[in-house]
Amino acid sequence: MPKDSTVSLHTCGDLTRLINEAEALTCAVNETDHRAAVASLMRLALPHVGIPDFSDTPVNDGGYARKMLHIHPHGHFSVLAVRWMPGANTPVHGHNAWGCVGVLEGEIGCETYCCREDACECSMAFLSSTGLIRAGAGAVATVGANPEGIHRLFNPTEKEAITLHIYGMDLSRDPLAINVPYQH
Ligand SMILES: [Fe+2]
């Protein structure tokens, strides 16, 4: 995907404005973690963002489909949407950069984890669940880079859900490069 791609933005209402504001922010502010400011922008924009077209995006074995929407021209961040079928569930994972996620439609569940104090390494065998939440349309959450914010996302309902994600790294070569997997 070209780095200046703006795939399907015409279907996404105020997503274009959100991206423009985020680009101005990440260029103007001399920080590496923009999650708080980008989350504020996302909260304002989310009610006005249309549902992306997922007709060309297959659902994976986990029951969800990831659609890349935009990559910052200099790779400061990437924007993608995820369609969650009923019962969809991600593996437990961390992220290689800061991130913001907002619920566009439906309801999404998130279970968070941390490494136990007696852990000799931060691996799946030493993770403990720290909580489980459900969030509906309009909700926005942020996550820091691994090992902060280890989590899994899932759809706990019988209806599809759609989420919008902004991650602070260039995912043009590999959309899955954001994830740090924790496996048994
Ligand atoms: Fe995640």
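A short reminder: the numbers here are calculations on the coordinates, not readings from a lab. This is a predicted model, so every value here is computed, not measured. When we count neighbours, we look across all protein chains shown, and the Cβ atoms used for this are built from the backbone with ideal geometry, even at glycine.
Computed quantities for the displayed model
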{"read-out": "Per-pair calculated FRET efficiency, R0 = 41 Å: H74 and F126 via Cβ, rounded to 0.05", "value": "0.65"}
{"read-out": "Burial ordering of E158, E148, fewest other beta-carbon atoms within 10 Å first", "value": "E158, E148"}
{"read-out": "Amide H within-cut-off set for W98, under 5 Å, with H built and near neighbours excluded", "value": "A145, G168"}
{"read-out": "Cβ-Cβ FRET estimate between K159 and D61, R0 fixed at 25 Å, reported to 0.05", "value": "0.75"}
{"read-out": "Solution diffusion estimate, µm²/s, Stokes-Einstein, region 122-184, Kirkwood Rh from C-alpha pairs, 25 °C, viscosity 0.890 mPa s", "value": "173 µm²/s"}
{"read-out": "Estimated vicinal HN-Hα couplings, Hz - region 61-68 in sequence order (Karplus 6.51, -1.76, 1.60; Gly, Pro = x)", "value": "5, x, x, 9, 10, 10, 10, 6"}
{"read-out": "Kirkwood Rh (inverse of mean 1/r, distinct Cα pairs), the chain, angstrom", "value": "16.7 Å"}
{"read-out": "Ascending count of other beta-carbon atoms within 10 Å, so fewest first, for K159, K67", "value": "K159, K67"}
{"read-out": "Exposure proxy order (Cβ contacts within 10 Å, fewest to most) of T163, T112", "value": "T112, T163"}
{"read-out": "Cα long-axis angle, helix 35-45 against the chain (0 to 90 degrees, to the nearest 10)", "value": "50 degrees"}
